[in-house]
Amino acid sequence: MNIDTELIRQIAPTGVLRASINVGNPVLASRSSGDGSVRGVSVDLARALAGRLGLALEPVVFDSAGQSVEAVARGDADIGFFALDPARADQLRFATPYVLIQGAYLVRNASPLKTMDEVDRAGHRVVVGKGSAYDLHLTRSLKHVTIERAATSPTVVDEFIRTGADVAAGVRQQLESDLLRFPGLRMLPGNFMTIQQAVGMPANRSDQALAEVRQFVEDMKADGFVARALKRHDIEGAAVAPLA
């Protein structure tokens with residue numbers, strides 16, 4: 001596919017595709033414990049977009065969604081992989097969603113909480129990852145709890161245990177993996193939100209640049225690329241977003 005040189009420059013003005021990768025969301029990316037390299041669905045998509053543009057890929061790796069968003073908003077990266085949220089609309093422009101993931105709650109086995117509806121009550125303390133989509137959503141939707149913020153999403157349950165909070169909130173897959181690290185915990189049934197994960201760009205990128213990235217995302221969904229990437233990285237519980 002031949003893409004106009006000027007359009008490529010609008011997407012990646014430095015001549016390489018700088019992709020902000022958030023390893024704080026295990027559905028999207030993770031860091032190798034060996035050589036520190038990153039892998040995951042978002043890395044595969046970034047590499048595919050770089051190839052489509054005929055550019056080298058430069059991953060810019062962060063441990064939290066908030067840091068990753070800030071990098072793209074500042075123009076230190078050309079694309080990132082984030083949850084669609086209205087609180088980010090003034091910083092980023094979003095392509096169409098490519099993956100849907102769930103937000104869930106975790107509590108201690110001894111907790112009296114049995115359903116999600118019981119969480120939003122006075123006196124309860126809920127721990128979320130600072131700046132994550134779950135933080136943004138729950139800050140708007142929970143009216144009676146105290147929200148406490150861990151530095152990153154992977155440290156939410158550690159903070160929950162350390163502080164004696166009532167509920168840990170985050171990506172279902174992350175919380176399920178934490179059940180293996182900490183005995184005596186359980187998930188509340190259901191999910192409090194379904195998040196649309198999308199490719200974000202700096203707010204100053206052109207309509208043409210956004211349209212090109214949107215088309216790329218739609219092509220990757222239609223081709224089965226996203227589904228294969230989820231399978232390749234053993235991601236369960238996430239679904240490919242519907243075609244636009």
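Laboratory data are not the source of any read-out in this text; all were calculated from the coordinates shown. Because the structure is a prediction, the values reported are computed rather than measured. Every residue, glycine as well, gets a Cβ built from its backbone with ideal geometry; the counts of neighbours run over all protein chains shown.
Using a Gaussian network for the chain with springs between C-alpha atoms less than 10 Å apart, which of these wobbles most: A122, A73, A168? It is A122.
Residues whose amide H lies under 5 Å from that of M193, counting only those 5 or more places away or on a different chain, are G103; hydrogens are built 1.01 Å from N in the peptide plane.
Only lysines eight or more places from K221 in sequence, or on another chain, were considered; those with a Cα closer than 27 Å are K231. By the Kirkwood approach, averaging reciprocal distances over each pair of separate Cα atoms, the range 14-139 gets a hydrodynamic radius of 16.3 Å. Its alpha carbons considered, the range 12-60 gives a radius of gyration followed by a Dmax of 11.1, 33 Å.
Using the count of nearby Cβ atoms within 10 Å as a rough guide to exposure, how do M220, M116 rank from fewest to most?
By the 10 Å Cβ count, ascending, the order reads M116, M220.
Here the Kirkwood formula, the inverse mean of 1/r across different C-alpha pairs, assigns the range 101-193 a hydrodynamic radius of 12.7 Å. Panel note: the C-alpha atoms of the chain, placed on their principal axes, show extents of 60, 35, 32 Å (largest first). Amide H contacts of L185 (H built 1.01 Å from N, in plane; Pro and chain starts excluded): N109 sit under 5 Å, all sequence-distant by 5 or more or on other chains. Summary value for the range 80-175: 35 percent relative contact order, contacts being C-alpha pairs under 8 angstrom separated by 6+ residues.
Taking other Cβ atoms within 10 Å as a rough exposure proxy, T194, T152 sort from fewest to most as T194, T152. Phi angles of the range 87-104 translate, via the Karplus equation with coefficients 6.51, -1.76, 1.60 and θ = phi - 60°, into HN-Hα couplings of 5, 9, 5, 7, 9, 9, 10, 10, 7, 6, x, 10, 9, 10, 10, 10, x, 9 Hz per residue; Gly and Pro are given as x.
Between A122 and T163, the modelled labels are 2.1 nm apart [label points 7 Å from Cα along Cα→Cβ].
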